[in-house]
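Chemist: I'd like to ask you about the structure that follows.
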Amino acid sequence: MEIKHVVNRKKGVFNLEVDGEHLGELEYFASAPGEITIFHTGVNEKLRGQHAGDKLVAAAVEFARANGLKVVPTCPFAKKVIDRTPEYQDVLAK
């Protein structure tokens, strides 16, 4: 399982690939200075039970931390993961 980050101006995506096959993504956009909004997370059924979505959210949180960004999770899945993970609270926008 490999996660690749692609940035295109104010938008970005974390693509999840297994053996070269695209099986998931987490999409975000720069919503304000110092802030990104995660608006979509999707994972193929082939990865059910492997916590692939959680890994995508973790990659986004790591990216936010490394770049001094806060996160607004409008994607219900990303919001759920961030809300239930105490160590992610530092990146959550107030």
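The values are calculated or read from the model by the stated rules, or taken from the named source; none is laboratory data. None of these values were measured; they are calculated from a predicted model. Neighbour counts are summed over all protein chains in view; Cβ atoms, including those assigned to glycine, are modelled from backbone coordinates with ideal geometry. Remember, those area values only see protein heavy atoms, side chains included, never the ligands or the DNA or RNA. Shrake-Rupley method; radii C 1.70, N 1.55, O 1.52, S 1.80 Å.
Chemist: Can you pull out every residue in segment 1-43 that is of a type in the set (F, W, Y) and touching a helix residue (DSSP H, G or I) at 6+ places or on another chain (Cβ under 7 Å)?
Modeler: Within segment 1-43, the first condition is being of a type in the set (F, W, Y), and the residues that meet it are 14, 28-29, 39.
Of everything in segment 1-43, those that are of a type in the set (F, W, Y) and touching a helix residue (DSSP H, G or I) at 6+ places or on another chain (Cβ under 7 Å) turn out to be F14, Y28.
A quick yes/no check of all residues on (1) of a type in the set (S, T, N, Q); (2) open to solvent by less than 30 Å² (accessible area, probe 1.4 Å); (3) within 15 Å of V6 (Cα to Cα):
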| residue | (1), (2), (3) |
| --- | --- |
| Y28 | no, yes, yes |
| G34 | no, no, no |
| F39 | no, no, no |
| G42 | no, yes, no |
| Q50 | yes, no, no |
| G53 | no, yes, no |
| V71 | no, yes, no |
| F77 | no, no, no |
| D90 | no, no, no |
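Chemist: Still on this structure, I have one more. When you look at G42, is it part of a strand (DSSP E or B), without any contact (Cβ under 8 Å) to a residue 24 or more places away in the chain and in contact with a Gly (Cβ under 7 Å, 6 or more places away or on another chain), yes or no?
Modeler: Details: part of a strand (DSSP E or B): yes; without any contact (Cβ under 8 Å) to a residue 24 or more places away in the chain: yes; in contact with a Gly (Cβ under 7 Å, 6 or more places away or on another chain): yes.
So G42 passes the test.
Chemist: Consider only pairs whose beta carbons are under 9 Å apart and that are at least six residues apart or on different chains; among these, list those whose first residue lies in segment 47-76 and is free of Cβ contacts under 8 Å to residues at least 24 places away in the same chain and whose second residue is surrounded by 19 or more Cβ atoms within 10 Å (Cβ to Cβ) and outside any helix (DSSP H, G or I).
Modeler: N67/I36; P76/T41
Chemist: Answer yes or no: is there a residue in segment 64-87 that is in contact with a helix residue (DSSP H, G or I) (Cβ under 6 Å, 6 or more places away or on another chain), at negative phi and small (G, A, S).
Modeler: Scanning segment 64-87, I find at least one residue that is in contact with a helix residue (DSSP H, G or I) (Cβ under 6 Å, 6 or more places away or on another chain), at negative phi and small (G, A, S), so the answer is yes.
Chemist: OK, next. For segment 58-65, state whether one or more residues are farther than 23 Å from K94 by Cα and among the acidic types (D, E). Give the derivation first.
Modeler: Taking segment 58-65 as the starting set, the residues that turn out to be farther than 23 Å from K94 by Cα are none.
No.
Chemist: If you don't mind, another one. Where residues in segment 1-26 are open to solvent by 60 Å² or more (accessible area, probe 1.4 Å) and of a type in the set (D, E), which of them is farthest from the chain's Cα centre (by Cα)?
Modeler: Checked segment 1-26; the qualifying residue farthest from the chain's Cα centre (by Cα) is D19.
Chemist: For segment 10-39, give me each residue that is charged (D, E, K, R) and either free of Cβ contacts under 8 Å to residues at least 12 places away in the same chain or under 16 Å from T74 (Cα atoms) (or both).
Modeler: Filtering segment 10-39 for residues charged (D, E, K, R) gives 10-11, 17, 19, 21, 25, 27, 35.
Those that are charged (D, E, K, R) and either free of Cβ contacts under 8 Å to residues at least 12 places away in the same chain or under 16 Å from T74 (Cα atoms) (or both): K11, D19, E21, E25, E27, E35.
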